[in-house]
Every structure is written in structure tokens, then in C-alpha cells.
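Structure record follows, encoded as C-alpha cells.
Laboratory data are not the source of any read-out in this text; all were calculated from the coordinates shown. Worth saying up front: this structure is predicted, and the values here are computed from it rather than measured. In this analysis, Cβ positions are derived from the backbone assuming ideal geometry, glycine residues included, and neighbour counts consider all displayed protein chains.
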Amino acid sequence: MAHHKSALKRIRQTETRRLQNKYHAKTTRNALKKLRESSDKKEAEELLPKVSSMLDKLAKRNIIHKNKASNLKAKIASHVKSL
């Protein structure tokens, strides 16, 4: 167990950030899944900028790597284009 006040605060901060990161990552994964499963081009085109933005934010926060975000964005863009 931590003995310093600063260490106790760091533990609280880490837990809060972990839960927030988990929430954002899961929300983005669900949005990606919804976009991939959609067969309606109009709906997919509406979702594409939102999902791309979510991926950029995850990469900015270092939840996922920026190259992974880039690869995912390219894949979903080609999926929407192929509809």
C-alpha cells in the first residue's frame, strides 16, 4: 500500500483515467462494428466522419497507436466506398 499522499492521489488518478480510456475504446469499437455491419450506404456515410473522429481522439490520447487508427480509418473508408 502507498504511504505518501502523492502516491495515493496517483492511484486515484490512474484508476479514473483507466475507466475513461476503457469507456472511450469500447464506444469506438461498438461504432466500428456498427459501421462494418451496415449495408446502407447513406447510413454508413453519416457514421464515417464520426467514427474517424473517435479513432483520431483515441490515437491522440495514446489509447491506440496512431498507425492503427490510420489503418482502421482506411479500412472503413474503403468499406463505405464499396457499398
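Below, the figures for the structure above:
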{"item": "Sequence ranges 11-17, 54-60, ranked by mean other-Cβ count within 10 angstrom, highest first", "result": "54-60, 11-17"}
{"item": "Relative contact order [Cα under 8 Å, 6+ residues apart], segment 39-83, whole percent", "result": "50 percent"}
{"item": "Vicinal HN-Hα couplings computed from phi for segment 7-22 (Karplus, 6.51 cos²θ - 1.76 cosθ + 1.60; Hz; Gly/Pro x)", "result": "5, 5, 5, 4, 5, 5, 5, 4, 5, 4, 5, 4, 5, 5, 4, 4"}
{"item": "Per-selection Kirkwood Rh - segment 39-83 (Cα, Å, 1 d.p.)", "result": "10.7 Å"}
{"item": "Which listed pairs, of Lys5/Lys50; Lys9/Lys34; Lys9/Lys75; Lys33/Lys60, have C-alpha distances above 30 Å, in listed order", "result": "Lys5/Lys50; Lys9/Lys34; Lys9/Lys75"}
{"item": "Given charges at Cβ of Lys, Arg, Asp, Glu: the chain dipole, positive-most of Asn67, Ala31, Thr14", "result": "Thr14"}
{"item": "Nitroxide proxy distance, nm - points 7 Å out along Cα→Cβ at His65 and Glu43", "result": "3.3 nm"}
{"item": "Per-residue HN-Hα couplings for segment 31-38 [Karplus 6.51, -1.76, 1.60; θ = phi - 60°; Hz; x = Gly/Pro]", "result": "5, 4, 4, 4, 5, 5, 7, 6"}
{"item": "Phi-based couplings in Hz for segment 44-56 (Karplus 6.51, -1.76, 1.60; Gly and Pro marked x)", "result": "5, 5, 6, 6, 3, x, 5, 5, 4, 5, 4, 5, 4"}
{"item": "Convex hull volume of the chain per residue (C-alpha atoms, cubic angstrom)", "result": "84 Å³"}
{"item": "Full-stretch length increase - Ala31, Ser52 - with 0.36 nm per residue and alpha-carbon distance subtracted", "result": "6.6 nm"}
{"item": "Unit charges on C-beta of K, R, D, E only; dipole of the chain, Debye", "result": "500 debye"}
